[in-house]
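K.L.:
Quick one: this structure, given as structure tokens, is what I'll be asking you about.
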Amino acid sequence: MNSSNGVVGEGNGTMPNQKRIRLKGKLKTYLRVFTYLGILLVLINAAVFSVNITAGLILLVFTGLYFIVVLYLNFYNKPIIMNELVSFATQYGQIQKKLLRELDLAHAVLDDTGKVVWTNLAFERIAHVEKGYKKSITSLFPSITTDKFPDENEEASYELEFENSNYTMKLKRISLHEMAVNSDIIDAKGYEGSLIAVYLFDETALRLAIEEVDNQSLAAGLIYLDNYEEALDSVEEVRRSLLTALIDRKINKYIASCNGIAKKLEKDKYFIIMPKKSCEMLKEQRFDLLEDVKTVNIGNEMAVTLSIGIGLDGLSYAQNYEFARNAIDLALGRGGDQAVVKSNDNISYYGGKSQQIEKSTRVKARVKAHALREIISGKDTVIVMGHRLGDVDSFGSSVGIYRIAKTLDKKCHIVLNDVTTSMQPLVDLFKNNPDYEEDMIINNQQAIDMAGSNTVLVVVDVNKPSITECPELLRFCKTIVVLDHHRAGTEVVENATLSYVEPYASSACEMVSEILQYIGENVKIKNEEADSLYSGMIVDTNNFMNKTGVRTFEAAAFLRRNGADVTRVRKLFREDAVEYKAKADAVSQAFVYRGRYAISVLKNDELQSPTIIGAQAANELLNIKGVRASFICTEYQNQVYISARSIDEVNVQVIMEKLGGGGHMSSAGCQLEGVSLQQAIEIIKNTLDKMIEGGEL
């Protein structure tokens, strides 16, 4: 055994250079006790001589023999003891090596390039390698590359999956600098080498246990019947209890089949709880209760639809219930007949394939109108804004809010930055018009400067903050009102004082027209304002062909009575030759994908408002037999705008949400960045393929 103090001899029990080896610690003290006892014996011998010479001589002889024995042991046995100690140390090192080799914890040592230097049996058993394996660790675990190695004296930890088992791999860098500096055989000046210690912890059983506990955690949910009153009204009175009982049975049987419990809270509301694992099963089935409940028919003219909101993965049961409430609000805000599952960081949508049934009553519009009147009356200034790249509907509804504010003797300003060609005729009605203030239409910076505690911000025709005309304005105004007819998505305006989102409405102009009727008796709508509101309804309904209901025509009749002129509006929206040709070209170049989806590109060479023309082209494509949905791609302002339209068979809102957009069931869109027109078409195709294969279309 090599030693910095000498070399242990073999066979003869001697040790060359043994004088250079020194004992220390408790063993050194233990061996010197005999010497100390000898000195004490000499002192006692001297004391005995002073008392009795004979006794002193006898003790002297004994003392001499004692020293002879001690000296013999010290000079003869000490090398043997040293050899035994060195032998023990050697055997102890071998035992340690064997223990590491046979340790149940998988352990390996790598050099600083990631090459395996040493492995123990447990590591070899897991990785299926033999002793002496010298390849890179990346060849065994591809995700562990050299850039993931820890720095000096640091530790790194990674989760990885290997052969259907889950492991946590810990890596620790061990510096060899100090060891090399103390070496007798190498010059380690400037050497900074290191080794990487690798430990593999098998956490498969732990993960399975955690997953099972997570699967058994409870999810809270709410089920609301969307059209309970309407469905009951459509069946004779004596059979209404039977209809209610059949619906109850459907819901209870469905929830019981997934180990859940359903409790009826009100005549049209249910509270449900179930294991999270069952919720995953319902996701896979895409909540077929939504379609199953529509089969309940005992003579009712109207099929019953319901909305489901489920909350899970909260920190407490109370938070899961809060998630469920948010989810059911989203489901209802998106038109009902769908399920929404909300967790702490994710929202999933299912269903939503049928059109929402228009409510014949205008009670809600009256209530919202009175609430809006109270809010505006308590403020000094009203600021109205729509969505970015505003259209006729957003501007028309903004003008309607302007008239409400003026009726209540409040200052009002409309935020508008870019005026598209489709909106220019309407905007010209108010600019340089002596009946309207010069600051009626303002830009973003002017709006921010005006915002304050005495300002109410009214957001129309949009409920997604990021695509409003001035998103920053939402932070400067404490009182916010949202009026919109688009289905709500994941991103909504937070902390709105008043939110009136009705997906069944044809347009924001229809909603504002209804509100105008309940603001007060002294509302006097000017011709320009009536034309603007009427124009918004015409554009969003495609000349009253899409999403029109009884209340749509009632709102149109109200505007006609207040001065809206069909001929004037038609003249405002006549197209020029370039736009008409571009639209016709987009329609002629369209191709039908999978026999039912029309896709085309609008060439944006000389068009000032290509997105508007693209939307019109998408509407035109729906006139082709067999086309269920149409998609027009337009390149504008370094983005690709996609306009999606359908009649009633396809929910294009769900398709556009997959691409980060949104809208209505029959009218939606999105914006893609960093892609070409051809790539956008491929993205649409791939999205349609995935949704068809997944049963969503």
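K.L.:
Ala668 passes all but one of (1) of a type in the set (Gly, Ala, Ser); (2) closer than 20 Å to Gly335 by Cα; (3) modelled with pLDDT of 90 or more; which number fails?
P.N.:
(3)
K.L.:
Of all residues being part of a helix (DSSP H, G or I) and within 28 Å of the chain's Cα centre (by Cα) in the range 284-302, which is modelled with the lowest pLDDT? Just the residue, please.
P.N.:
As a first pass, look at the range 284-302 and keep what is part of a helix (DSSP H, G or I): 284, 289-295.
Adding the requirement that they be within 28 Å of the chain's Cα centre (by Cα) leaves 284, 289-290.
Details: Glu284: 85, Leu289: 89, Leu290: 88.
Among those that are part of a helix (DSSP H, G or I) and within 28 Å of the chain's Cα centre (by Cα), it is Glu284.
K.L.:
Quick check, is Ala582 surrounded by 15 or more Cβ atoms within 10 Å (Cβ to Cβ), in contact with a helix residue (DSSP H, G or I) (Cβ under 9 Å, 6 or more places away or on another chain), free of Cβ contacts under 8 Å to residues at least 60 places away in the same chain and in a helix (DSSP H, G or I)? I'd like the intermediate steps shown before the answer.
P.N.:
Working: surrounded by 15 or more Cβ atoms within 10 Å (Cβ to Cβ): yes; in contact with a helix residue (DSSP H, G or I) (Cβ under 9 Å, 6 or more places away or on another chain): yes; free of Cβ contacts under 8 Å to residues at least 60 places away in the same chain: yes; in a helix (DSSP H, G or I): yes.
Against the criterion (surrounded by 15 or more Cβ atoms within 10 Å (Cβ to Cβ), in contact with a helix residue (DSSP H, G or I) (Cβ under 9 Å, 6 or more places away or on another chain), free of Cβ contacts under 8 Å to residues at least 60 places away in the same chain and in a helix (DSSP H, G or I)), Ala582 qualifies.
K.L.:
May I pose another question? Enumerate the pairs (first residue in the range 495-517 and assigned by TED's automatic domain parsing to the domain that holds Ile538 and acidic (Asp, Glu); second residue anywhere and surrounded by fewer than 24 Cβ atoms within 10 Å (Cβ to Cβ) and in a loop (DSSP other than H, G, I, E, B)) with beta-carbon separation below 7 Å, excluding pairs fewer than 6 apart on the same chain, so at least 6 apart or on different chains.
P.N.:
Once the first residue is assigned by TED's automatic domain parsing to the domain that holds Ile538 and acidic (Asp, Glu) and sits in the range 495-517, its partners that are surrounded by fewer than 24 Cβ atoms within 10 Å (Cβ to Cβ) and in a loop (DSSP other than H, G, I, E, B) give Glu514/Arg362.
K.L.:
Can I ask one more? From the list Arg388, Arg475, pick out the single residue that is touching a Ser or Thr at 6+ places or on another chain (Cβ under 8 Å) and either closer than 21 Å to Ser499 by Cβ or modelled with pLDDT under 90 (or both). Lay out the reasoning, then the answer.
P.N.:
Values: Arg475 fails: touching a Ser or Thr at 6+ places or on another chain (Cβ under 8 Å).
Only one candidate qualifies: Arg388.
K.L.:
Only residues in the range 547-562 that are in the same structural domain as Val523 (by TED's automatic domain parsing) and touching a residue at least 60 places away in the same chain (Cβ under 8 Å) count as the first member; pair them with residues that are of a type in the set (Gly, Ala, Ser) and surrounded by fewer than 19 Cβ atoms within 10 Å (Cβ to Cβ), Cβ under 9 angstrom, at least 6 apart or cross-chain, and list the lot.
P.N.:
Gly549/Ser360; Val550/Ser360; Arg551/Ser360
K.L.:
Asp531 versus (1) more than 26 Å from the chain's Cα centre (by Cα); (2) part of a strand (DSSP E or B); (3) modelled with pLDDT of 90 or more: which is the lone unmet condition?
P.N.:
(2)
K.L.:
What's the number of the condition Ile53 fails, among (1) modelled with pLDDT under 75; (2) in the same structural domain as Ile80 (by TED's automatic domain parsing); (3) not charged (D, E, K, R)?
P.N.:
Every listed condition holds for Ile53 apart from (1).
K.L.:
While we're looking at this one, here's another question. Looking only at residues that are polar (S, T, N, Q) and outside any loop (DSSP other than H, G, I, E, B) in the range 231-245, which one is nearest to Lys267 (Cα to Cα)?
P.N.:
Initial filter on the range 231-245 (polar (S, T, N, Q)): 234, 241, 244.
Right, trim to outside any loop (DSSP other than H, G, I, E, B) and you get 241, 244.
Values: Ser241: 11, Thr244: 9 Å.
For the range 231-245, the residue satisfying everything is Thr244.
K.L.:
Please work out which residue is surrounded by the fewest Cβ atoms within 10 Å (Cβ to Cβ), limiting yourself to the range 295-354 and to residues that are on the phi > 0 side of the Ramachandran plot and touching a helix residue (DSSP H, G or I) at 6+ places or on another chain (Cβ under 8 Å).
P.N.:
For the range 295-354, the residue satisfying everything is Gly299.
K.L.:
Just name the residue that is surrounded by the most Cβ atoms within 10 Å (Cβ to Cβ) out of those in the range 585-606 that are touching a Gly at 6+ places or on another chain (Cβ under 9 Å) and farther than 14 Å from Ala618 by Cβ.
P.N.:
Result: Asn604.
K.L.:
Moving on to the next point. How many of the residues in the range 240-265 are over 33 Å from the mean Cα position of the chain (by Cα) and either among the aliphatic types (A, V, I, L, M) or farther than 23 Å from Asn297 by Cβ (or both)?
P.N.:
Of the residues in the range 240-265, 5 are over 33 Å from the mean Cα position of the chain (by Cα) and either among the aliphatic types (A, V, I, L, M) or farther than 23 Å from Asn297 by Cβ (or both).
K.L.:
A follow-up question, please. Within the range 432-472, restricting attention to residues that are exposed (fewer than 13 other Cβ atoms within 10 Å of the Cβ) and free of Cβ contacts under 8 Å to residues at least 12 places away in the same chain, which residue is farthest from the chain's Cα centre (by Cα)?
P.N.:
Pro434
The values are calculated or read from the model by the stated rules, or taken from the named source; none is laboratory data. Quantities reported herein were computed from a predicted structural model and do not represent experimental measurements. So basically every Cβ, Gly included, is an ideal-geometry build from the backbone, and we count neighbours across all protein chains shown.
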